[in-house]
Amino acid sequence: MSLLLAGRWVMITGASSGIGAAAAVAFGAKGARLLLGARRLDRLEQVANRARITGAAEVQFHFLDVRNPESVTEFVQWAGSIIRSAASEPRNLHVLVNNAGGAHGLDPVADGKDEDWETMLQTNVLGVLRVTRAALPLMPQHAGATIINIGSVAGHEAYEGGSAYCAAKAGVRKLTEVLRLELCGTGIRVCIIEPGFTRTEFALVRFKGDAERANKVYEGMTPLTAEDIAEALVWAAERPPHVNIDQMLIKPTDQAAMHKIYRRTT
Ligand code: NDP
Ligand code: 8X3
């Protein structure tokens with residue numbers, strides 16, 4: 001028997017674009033109640049409207065900057081008060097998707113920028129730790145609740161210019177393994193989903209708005225879509241409570257490895 005998501009509370013960080021936005025729509029299509037966070041409120045509002053149209057039972061959104069501990073505390077307190085005062089059961093958090101993250105720059109270590117390194121480690125690693133610590137008290141034990149962290153193929157494979165991002169996503173892998181050990185016995189499931197090239201705003205952010213450079217990443221190959229990953233998130237959360245999907249590495253067919261990408265020339 002799979003776990004039904006209808007009416008369950010799902011919290012998604014970084015829901016204003018890409019994978020997080022697609023996840024909001026996909027969980028919404030299952031009738032879930034959504035708590036969305038990110039910094040761009042105008043974009044969150046658009047995502048919330050799309051999720052409502054696809055069938056979300058309720059959608060609320062709030063400013064969240066995962067680099068800032070006060071912002072994380074405030075966001076989770078906001079979420080907790082909505083959940084606790086909900087008109088109907090369940091009054092707890094069923095799914096936490098730690099998705100907020102990204103890369104900044106592609107410089108070799110010799111030319112690396114402190115600001116980029118700090119942003120990547122703050123957002124991808126400390127952000128996941130902070131949101132998880134704050135949200136755990138909202139999650140019920142032995143009820144199929146699930147924490148899903150978004151890692152990356154970059155957490156497995158190194159590539160030139162990826163130092164801080166690869167380190168950050170390897171960090172997400174490790175902290176996910178630690179959490180899986182720590183929560184064993186609580187019934188709270190812990191999962192990491194690690195995508196390869198996925199066409200979102202990721203490359204545009206990495207190259208600081210340089211669209212031409214961002215588009216080159218996917219030239220001649222077929223990347224994953226945000227919806228491909230969202231489908232995997234929903235599938236993992238819908239498994240029966242005794243099934244924990246520990247990890248899923250999902251790559252485009254054209255990407256066998258970081259340095260082995262098939263690109264069509266015609
Ligand atoms: P996008 O740039 O489209 O989305 C990133 C999301 O993270 C946005 O909603 C952004 O919202 C949010 N975000 C960034 N910084 C913060 C912050 N400080 N506080 C709160 N939210 C933040 O890229 P993706 O959808 O691709 O990225 C989602 C996740 O997937 C990331 O963790 C990324 O590392 C990972 N990933 C992406 C891959 C890809 O090829 N696209 C492959 C593997 C992993 P806002 O700016 O409004 O705050
Ligand atoms: C995003 C994929 O390969 O650009 O995590 O690092 S990659």
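The values are calculated or read from the model by the stated rules, or taken from the named source; none is laboratory data. All figures in this text were calculated on a predicted structure; none of them were measured in a lab. Positions of Cβ are generated from backbone atoms using ideal geometry, with glycine treated the same way; all protein chains shown enter the neighbour counts. Ligands, DNA and RNA are stripped out before the accessible areas are found, and what is left, the full protein with its side chains, is counted by its heavy atoms. Shrake-Rupley method; radii C 1.70, N 1.55, O 1.52, S 1.80 Å.
Of all residues in region 161-175, count the ones that are outside any helix (DSSP H, G or I) and open to solvent by 10 Å² or more (accessible area, probe 1.4 Å).
1
None of G171, G187, G196 is in contact (Cβ under 8 Å) with a residue 12 or more places away in the chain and at positive phi except G187. Of all positions in region 181-196, at least one carries a residue that is of a type in the set (D, E, K, R) and assigned to a helix (DSSP H, G or I). Answer yes or no: is there a residue in region 207-219 that is within 27 Å of G31 (Cα to Cα) and either outside any loop (DSSP other than H, G, I, E, B) or among the aromatic types (F, W, Y) (or both). No, region 207-219 has no match at all.
Candidates are the residues of region 82-126 that are within 15 Å of the chain's Cα centre (by Cα) and of a type in the set (V, I, T); the one that is nearest to A15 (Cα to Cα) is V97. Restricting T132, T186, T198, T146 to residues that are of a type in the set (S, T, Y) and within 17 Å of G18 (Cβ to Cβ) narrows the list to T198.
Scanning region 146-160 for residues that are out of contact with any Pro (no Cβ under 9 Å at 6 or more places or on another chain) and buried (at least 21 other Cβ atoms within 10 Å of the Cβ) yields T146, I147, I148, N149, A154, G155.
Checking region 201-212 against the condition returns a match, with at least one residue being at pLDDT 95 or above, of a type in the set (F, W, Y) and more than 9 Å from ligand 1 (Cβ to nearest atom). Of everything in region 217-238 that is within 14 Å of ligand 2 (Cβ to nearest atom) and free of Cβ contacts under 8 Å to residues at least 24 places away in the same chain, the residue that is least open to solvent (accessible area, probe 1.4 Å) is Y218.
Just so you know, in region 179-216 the residues that are surrounded by fewer than 19 Cβ atoms within 10 Å (Cβ to Cβ) and within 18 Å of the chain's Cα centre (by Cα) include one that is farthest from ligand 2 (Cβ to nearest atom), and it is R180. The condition (being more than 16 Å from ligand 2 (Cβ to nearest atom), free of Cβ contacts under 8 Å to residues at least 60 places away in the same chain, under 15 Å from the mean Cα position of the chain (by Cα) and assigned to a helix (DSSP H, G or I)) is satisfied by just one residue among L129, L136: L129. The residues in region 85-123 that are of a type outside the set (V, I, T), more than 23 Å from I147 (Cβ to Cβ) and without any contact (Cβ under 8 Å) to a residue 60 or more places away in the chain can be counted, and the count is 13.
Take the residues in region 158-197 that are among the hydroxyl-bearing types (S, T, Y) and out of contact with any helix residue (DSSP H, G or I) (no Cβ under 6 Å at 6 or more places or on another chain); name whichever of them is farthest from I250 (Cα to Cα). Among those residues, the one meeting the criterion is T186.
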